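In what follows, a single structure is set out as structure tokens and then discussed.
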Amino acid sequence: MSATTTARVTGLVREFSGRRVLDGLDLTVGDGEFVALLGRSGSGKSTLLRVLAGLDDTAGDGVSGDIRVPGSVSMAFQEPRLLPWRSVRDNVVLGLDRPDAAEVVDRSLAEVGLDGHAQAWPLTLSGGEAQRASLARALVREPDLLLLDEPFGALDALTRIAMHRLVLDLWERHRPGILLVTHDVDEALLLADRVLVLAEGAIVAEHSPGVRPRSTERVADLRRAVLSELGVADDAA
């Protein structure tokens, strides 16, 4: 595998009780590349993330294909999944085994704007603050590949905008490869270098929104194309 490739999947097949969710899927995420994956509910997006994160039993029945993720991996979910009986700081440091863990955690919390909430309990955080803590927990491990499973889906519109800016800022600062799973076409076109469409278990389309800041006309054209590929008519959009 190329040294500039953070993840590569070739011919991935994943079945559950005889139902084929992923069917010969091919995917590459370059080093430092931001990729977004769109697809209808049940299309296998989260299944793919679980395979890449090592959370799926890829040695069991119903799995075949070549999966290569040579570096470290972190994942942030739609729900922050913070332990309510631990402080924000203790949630972020959980499982981090390195001599400078305290320093790294403090720096990570500062980067996501939570340095003043290190000792707070998760239940006292807003939705956006909790998701920031989740991102800090993922980034503190300095991953080569960051997997984002609809991390903004439960946030209100203004908080989502703030989180988009934060994620882009963190990505530009640390440059992990990112694979973002989302249902939001506009979100994908705003954030990603490449936008992939998943249907019937395979990648059926790929789009490059272009350099930032992005042309409104270019984004509008891509939006229409992606919605069509997802089976959404122009008038419904």
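Just so you know, all these numbers are worked out from the coordinates, no wet-lab data involved. In this text the structure is predicted, and so the values were computed from the model without any measurement. When we count neighbours, we look across all protein chains shown, and the Cβ atoms used for this are built from the backbone with ideal geometry, even at glycine.
I'd like to compare 158-165, 26-33, 134-141: which one has the highest average count of other Cβ atoms within 10 Å, and what's the full order after that?
The peptides rank, most packed first, as 134-141, 26-33, 158-165.
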Karplus couplings for the stretch 151-168 from phi (6.51 cos²θ - 1.76 cosθ + 1.60, θ = phi - 60°), rounded to Hz, Gly and Pro as x? x, 10, x, 9, 8, 6, 4, 5, 5, 4, 4, 4, 5, 4, 5, 5, 4, 4
For the stretch 212-227, 3J(HN,Hα) per residue [Karplus equation, 6.51 cos²θ - 1.76 cosθ + 1.60, θ = phi - 60°, Hz, x = Gly/Pro]: 9, x, 9, 5, 4, 5, 4, 5, 4, 5, 5, 4, 4, 5, 5, 4
Can you list residues whose amide H is under 5 Å from L22's amide H, if they're 5+ apart or on another chain and H is modeled 1.01 Å from N? R14
Distance between the C-alpha centers of the stretch 2-33 and the stretch 101-174? Whole Å please. 27
By its C-alpha gyration tensor, with a ≥ b ≥ c as the square roots of the eigenvalues, how is the stretch 163-228 shaped: rounded for a/c under 1.5, else prolate for a/b larger than b/c, else oblate? oblate
Report, in deg cm²/dmol and to the nearest 500, the calculated mean residue ellipticity at 222 nm for the chain, where each DSSP H run with n ≥ 4 adds -39500 (n - 2.57) and the sum is divided by the residue count. -10000 deg cm²/dmol
